[in-house]
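The values are calculated or read from the model by the stated rules, or taken from the named source; none is laboratory data. Remember, it's a predicted structure, so these values are computed and weren't measured experimentally. No Cβ is skipped: glycine too gets one built from the backbone with ideal geometry, and neighbour counts run over all protein chains shown.
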């Protein structure tokens, strides 16, 4: 097991980009573009990389494809920043397999989503996570996104897991209930790593002692999202607040359709990828694409590359 305290220190105060999975027009994975995206993210200032989370369309990938994406990302990162692949699925055995693969390839931690669709109760969620955590010598970040999974991992369950499983060191909360996220730190401890997965809560979570964000917006504007965290870490609160509000229009437009469709459209406009999604997902409407392009042109770090 890695030194958990050292790992927690490395993973605090950071912007973790949940990189999208680029596809070719025929639906196959575009591994070259994936490598290029990761390189751009790191050079733009993102502090860590995740793949095969919600933004990576994991439910549209086979298990073998997810492993290949993880391996490609690990190679592209080349030790420059921490790597936290998403290894959770709706299937317990697949989650176990992918989490063990994360150990094999040398990931720094695994991001494990609450199983989606099947709506396990809190006791079942505890059993699922404890079994996964006990099976690996790897730090685990729980991923709670009730809007996608149809079940909320309650604070009491998370606190029990953090107490019983030393390698469960944090949580990504894509949870609009700010009272809930406050209680995470109260009951799991102030050193528990709390990441925001809700874009408009990335700054507020830092203010209560959060560890950073895993924000889909970082796919499109990595430098500004990272800069907000850097400003906070340096004690420049006003600059962090200014960036929070500066990013808000982009955050808003990137969630007017289901993630990652708007982010992929934006990355297509930036010339980074072919903006293809696998069915049943599809690109945003022409009207929303026009709105995304208009908003992108207001951001100095990307506007010069927007395709006209």
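Working only within segment 225-242, note down all residues that are free of Cβ contacts under 8 Å to residues at least 24 places away in the same chain and in a helix (DSSP H, G or I).
Listed by number, the residues that qualify are 231, 237, 238, 239, 242.
Is it the case, given these coordinates, that residue 102 is part of a helix (DSSP H, G or I), buried (at least 21 other Cβ atoms within 10 Å of the Cβ) and touching a residue at least 12 places away in the same chain (Cβ under 8 Å)?
yes
May I ask you to list the residues in segment 178-224 that are in a loop (DSSP other than H, G, I, E, B), over 23 Å from residue 264 (Cβ atoms) and either under 18 Å from the mean Cα position of the chain (by Cα) or modelled with pLDDT under 95 (or both)?
Across segment 178-224, the qualifying residues are 192, 210, 211.
Which numbered condition trips up residue 222, out of (1) closer than 18 Å to residue 174 by Cβ; (2) surrounded by 24 or more Cβ atoms within 10 Å (Cβ to Cβ)?
Single failed check for residue 222: (1).
Any idea which of 72, 52 is assigned to a loop (DSSP other than H, G, I, E, B), within 22 Å of residue 277 (Cβ to Cβ) and touching a helix residue (DSSP H, G or I) at 6+ places or on another chain (Cβ under 8 Å)?
Answer to the check: 52.
Starting from segment 15-35, take each residue that is on the phi > 0 side of the Ramachandran plot and buried (at least 16 other Cβ atoms within 10 Å of the Cβ) and list its partners that are modelled with pLDDT of 95 or more and in a strand (DSSP E or B), counting only C-beta distances under 8 angstrom and pairs at least six apart or across chains.
Hits for this filter: zero, empty list.
If you scan segment 278-292, which residues turn out to be part of a helix (DSSP H, G or I) and out of contact with any helix residue (DSSP H, G or I) (no Cβ under 9 Å at 6 or more places or on another chain)?
Selection gives 286, 287, 290.
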